[in-house]
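The values are calculated or read from the model by the stated rules, or taken from the named source; none is laboratory data. Quantities reported herein were computed from a predicted structural model and do not represent experimental measurements. Neighbour counts are summed over all protein chains in view; Cβ atoms, including those assigned to glycine, are modelled from backbone coordinates with ideal geometry. Side chains are part of the model used for accessible areas, which takes the heavy atoms of the whole protein and leaves out ligands, DNA and RNA. Shrake-Rupley method; radii C 1.70, N 1.55, O 1.52, S 1.80 Å.
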Amino acid sequence: MSERVILHSDMNCFYASVEMLHHPEFAGQPLAVGGDPEARHGIVLTANYIAKRKGVKTGMALWQAKQVCPEIIFVPPRMDLYLRFSKMAREIYSEYTDKIEPYGIDEAWLDVTDSKNLKGSGMTIAREISHRIKYELGVTVSIGVSWNKIYAKLGSDYKKPDAITEFNRSNYKDRIWRLPVSDLLYVGRQTNKKLKKLGIQTIGDLAETDENLLDSYFGKMGIVLWAFANGWDEDPVCKEGYEAPVKSIGNSTTTPRDLETDLDVWIIQMALAESVAARLRKHGFKCKTVEITVRDNGLSSFTRQRHLRHPTNITDEIVTEAFQLFKDSYKWEHPIRSLGIRAADLVLDDIPVQLDLFGNQEKQEKLEKLDRTVDEIRRRFGYFSIQRAAMYQDKVLSHLDAGTHTVHPHSYFHG
Ligand SMILES: [Mg+2]
């Protein structure tokens, strides 16, 4: 079996690059896309390189950006336009392989192993894709080339903008193993802190650590990270049919038995929220509205919805909102037969949230990290390999695998 050839392609300063194309009059000037007009009081979503060099950073308040770079130009975000570019890039990728796995709106993995004979080596294909995106779309990409997804992703981060980096069997120890361990996918601030305490600073340090030690400190995820560091990542590039961006994501179920208590409802809502939130994350969205549907065993049903203070794709926040809605609207006159949760009013999830003054940011980041870790463990070890503590309270109810349950996505464009 021949070794795989994986590319990871990342469009540079994506929103800002697309806006620069549409505003030739701003050529050569610092520009930032920012100012979600309704919710937040204006923050930088993406800045072009000219603005970045002057110290403008993603997540900064617009007034701060103006302070470090007085001549900066702000333009409001246009999600539909960015989605259209994302789709055009995907069309180019699809000429090289049908194994394409998007990661957010501006990144994707490509498995081009089977295209080698026809299209040339991984580097040749990377050069061609980079060239075509530059001339056909007008934006630049960074591409990583390697034999696995994790190293390919590190390659696209290694040098940007407009660069190609190959990590192969003969150079990876020299180049990847020197990188700080925080560069690895899924190593967040908390994990990084713990690894530092163990004396693990670089990816090489992690690769050479005893796996049992990592297992005892981090559980399964420790083993996954250790394998990542070593380049032992067999995870396939998921060949997904093209899924149109969605307008809302919902999941509902007829329950395994009639529900009679708040706890029953909470367990089912948790399973539904987990699948809805996981799909939001997979599509790169957050929701601004949560909606619940309740049907009792007399078959009367109702729907209630609520707008959130901030957009979220965090399981905990979605289930909390759903459960509160339920508590506010149901008086337990009959047992319940069926429940549903829908996330609506979607926004892109890489839109950073302005740092708030009450320290909720840190808690939110922690929950986000937790959710992504659960996603990853489930992807690798199966849905039931990890369960929330409360789910053990009722085996019948919690045996619902919401991950494979009916999901009803609605197309963003035609919904
Ligand atoms: Mg990017």
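Quick notes on this structure:
- Qualifying residues in the range 282-310 (those that are of a type in the set (A, V, I, L, M, F, W, C) and under 15 Å from ILE249 (Cα atoms)) - the one farthest from the chain's Cα centre (by Cα): ILE292
- Criterion (more than 26 Å from VAL374 (Cβ to Cβ), among the aromatic types (Phe, Trp, Tyr) and outside any loop (DSSP other than H, G, I, E, B)) met by exactly one of PHE323, PHE302: PHE302
- Listed by position, the strands (runs of 3 or more DSSP E) contained in the range 1-93 that have at least 2 residues being buried (at least 22 other Cβ atoms within 10 Å of the Cβ) and modelled with pLDDT under 95 are 31-34, 44-47.
- Residue check, ALA278 small (Gly, Ala, Ser), open to solvent by 20 Å² or more (accessible area, probe 1.4 Å) and under 20 Å from the mean Cα position of the chain (by Cα): yes
- Per the conditions (1) within 14 Å of the ligand (Cβ to nearest atom); (2) part of a strand (DSSP E or B); (3) of a type in the set (A, V, I, L, M), the sole criterion not satisfied by ILE133 is (2).
- Just one residue in the set LEU198, LEU213, LEU154, LEU225 is open to solvent by less than 30 Å² (accessible area, probe 1.4 Å), more than 16 Å from the ligand (Cβ to nearest atom) and not basic (Lys, Arg); that residue is LEU225.
- Under the condition of being within 14 Å of the ligand (Cβ to nearest atom) and on the phi < 0 side of the Ramachandran plot, the residues counted in the range 1-18 number 10.
- Residue pairs whose Cβ atoms lie under 7 Å apart, separated by 6 or more positions or on different chains, with the first residue in the range 110-127 and under 15 Å from ILE164 (Cα atoms) and the second of a type in the set (Gly, Ala, Ser) and surrounded by 14 or more Cβ atoms within 10 Å (Cβ to Cβ), are LEU110/SER9; ILE125/SER115.
- Within the range 106-124, the set of residues being surrounded by 24 or more Cβ atoms within 10 Å (Cβ to Cβ) and more than 16 Å from the ligand (Cβ to nearest atom) comprises VAL112, GLY122.
- Checking ARG127, ARG132 one by one, the residue that is at negative phi, open to solvent by less than 50 Å² (accessible area, probe 1.4 Å) and among the basic types (Lys, Arg) is ARG132 and no other.
- Flag for PRO161 being open to solvent by 40 Å² or more (accessible area, probe 1.4 Å) and either within 16 Å of the ligand (Cβ to nearest atom) or among the hydrophobic types (A, V, I, L, M, F, W, C) (or both): yes
- Some residue of the range 140-150 being at pLDDT below 95, open to solvent by less than 70 Å² (accessible area, probe 1.4 Å) and within 16 Å of the ligand (Cβ to nearest atom): no
- Of all residues in the range 251-261, none satisfies being open to solvent by 50 Å² or more (accessible area, probe 1.4 Å) and in a helix (DSSP H, G or I).
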